[in-house]
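Undergrad: Next up is a structure, given as structure tokens.
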Amino acid sequence: MLRSLPFAATLALIAALARATAPAPGPATLPVPAAAAAPAAAPVPAPPAVTARSWILIDHFSGRVLAQERADERAEPASLTKLMTAYVAFAALADGRLKPTDMATISEHAWRAEGSRTFLQVGTRVPVDILLKGMIVQSGNDATIALAEQVGGTEAAFAQMMNEYARRLGLSGTHYVNSDGLPSPEHYSTARDIATLSNALIRDFPQYYALFGLREFMWNNIRQGNRNGLLGKDPSVDGLKTGHTDSAGYCLATSAIRNGMRLVSVVMGAPSVKAREEASAALLGYGYTFYETIRLKSARETVLKPHIYKAASEFAAIGVPYDVYATVARGQASALRTRALLSREPLIAPLSAGQNVGELTVADASGTVIERVPLVSLSAVPQGGLWTRAWDSVSLMFH
């Protein structure tokens, strides 16, 4: 048969057969960092005793829960509600539906708001920027309602928007009926949901996150201070929000970053301001003392370059769509192992950019998989010409 083919075609066929019969590359096991034997893990003690009805501590980057108690129990969120009000407002700012310089007219409903206030006067026009600071820094209910009315038309309509964003973020234990967090039987959340929401705020709106670290602001010659006392006690703390009603108790969502490791804690139903701050500080201290977080892969980093058939190029760049982190007991980072596995072999063009083609797993020292991340095509891989497709079809017959 070979003798009857033109010389160039014969060479092409031989090359195709060689490719087809070569052993296919197996899944890659990539040590992080080097494959040195990991030291025996130091014992991690139980979390500190926390005086609160429910609480949770999570790593922001990996999402790992480091400690929790009744984290899925329904609770009154009080002014932690304003984290979602901020999320909805930030979304409106990000897509241009709202601007910091927009002027909001203070309605009688906003002016009559119960609880903490930013001292806004009915009928006056106030910039959105001031309303955001009044809500986040001073926890003003009047500023919060005015902001909700500016974005949603009415506070009731805004609450519907809050619930839709809660659904999108997967906050299955949360329901809102108002923007400021005043008590209502159908207004509730959980420590886990508030931690998830806090994570989303930091991740989705980094351009606005600095508002949560403001210690004070001025409006109408009134200096208004942040109610989060940890901002002045721990330089690593840069947010997020306090809350309190008689029925909810004292609540605090806190975020801190030390040496690139960001933790988020949520304490709900503490008996006093001091207790919520001590509980949050103890949880953060526990997390930073006994755990560390490592970035294993960067977003769009190439993990594999397998051969791809019927393509204009010989190889495809396969990688991870986002940064990959793992949180482990301190000192155990060297024991982490990653394994990259294609879901289908051989790869055949075309591939679209971002197409899922496999999975990257991360295992700890015991071999337990602690993270699963999709592997995707980092760029589109179009089909090759007729000749390439024809000869690769022959190769595939022997694969």
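The values are calculated or read from the model by the stated rules, or taken from the named source; none is laboratory data. In this text the structure is predicted, and so the values were computed from the model without any measurement. Here the Cβ positions follow ideal geometry from the backbone for every residue, glycine too, while neighbour counts run over all protein chains shown.
Undergrad: If you take the residues in the range 113-150 that are free of Cβ contacts under 8 Å to residues at least 40 places away in the same chain and in a helix (DSSP H, G or I), which one is surrounded by the most Cβ atoms within 10 Å (Cβ to Cβ)?
TA: Ala143
Undergrad: Failed condition for Asn199, given (1) within 20 Å of Arg70 (Cβ to Cβ); (2) surrounded by fewer than 14 Cβ atoms within 10 Å (Cβ to Cβ), with all others met?
TA: (2)
Undergrad: Moving to a separate point now. Return the residue satisfying two criteria in turn: it lies in the range 185-206 and is part of a loop (DSSP other than H, G, I, E, B) and in contact (Cβ under 8 Å) with a residue 40 or more places away in the chain, and of such residues it is nearest to the chain's Cα centre (by Cα).
TA: Top of the filtered list is Phe205.
Undergrad: All but one of (1) assigned by TED's automatic domain parsing to the domain that holds Ser352; (2) of a type in the set (Asp, Glu); (3) at pLDDT 95 or above hold for Glu278; which doesn't?
TA: Of the numbered conditions (1) assigned by TED's automatic domain parsing to the domain that holds Ser352; (2) of a type in the set (Asp, Glu); (3) at pLDDT 95 or above, the odd one out for Glu278 is (1).
One line per residue, one yes/no per condition, for (1) over 30 Å from Tyr286 (Cβ atoms); (2) of a type outside the set (Phe, Trp, Tyr); (3) surrounded by 15 or more Cβ atoms within 10 Å (Cβ to Cβ); (4) in contact with a Lys or Arg (Cβ under 6 Å, 6 or more places away or on another chain):
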| residue | (1), (2), (3), (4) |
| --- | --- |
| Ala333 | no, yes, yes, no |
| Ala340 | yes, yes, yes, no |
| Leu351 | yes, yes, yes, no |
| Ala363 | no, yes, yes, yes |
| Thr368 | no, yes, no, no |
| Val381 | yes, yes, yes, no |
| Trp387 | yes, no, no, no |
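Undergrad: Those residues that are assigned to a loop (DSSP other than H, G, I, E, B) and more than 26 Å from the chain's Cα centre (by Cα), I need them from the range 221-267; list them, please.
TA: Asn221, Asp246, Ser247, Ala248
Undergrad: Oh, and also: Scan the range 161-173 and give yes if some residue there is closer than 15 Å to Ala78 by Cβ, touching a strand residue (DSSP E or B) at 6+ places or on another chain (Cβ under 7 Å) and part of a loop (DSSP other than H, G, I, E, B), otherwise no.
TA: No.
Undergrad: So, one more: Report yes if some residue within the range 155-176 is over 24 Å from the mean Cα position of the chain (by Cα), surrounded by fewer than 24 Cβ atoms within 10 Å (Cβ to Cβ), assigned by TED's automatic domain parsing to the domain that holds Leu284 and hydroxyl-bearing (Ser, Thr, Tyr); otherwise report no.
TA: no
Undergrad: Within the range 371-388, can one find any residue that is among the hydroxyl-bearing types (Ser, Thr, Tyr), modelled with pLDDT of 90 or more and assigned to a strand (DSSP E or B)?
TA: Looking through the range 371-388, at least one residue is among the hydroxyl-bearing types (Ser, Thr, Tyr), modelled with pLDDT of 90 or more and assigned to a strand (DSSP E or B).
Undergrad: Can I ask one more? How many residues are part of a loop (DSSP other than H, G, I, E, B) and either under 22 Å from the mean Cα position of the chain (by Cα) or surrounded by 15 or more Cβ atoms within 10 Å (Cβ to Cβ) (or both) if we restrict to the range 313-329?
TA: Residues that pass the stated criteria total 6.
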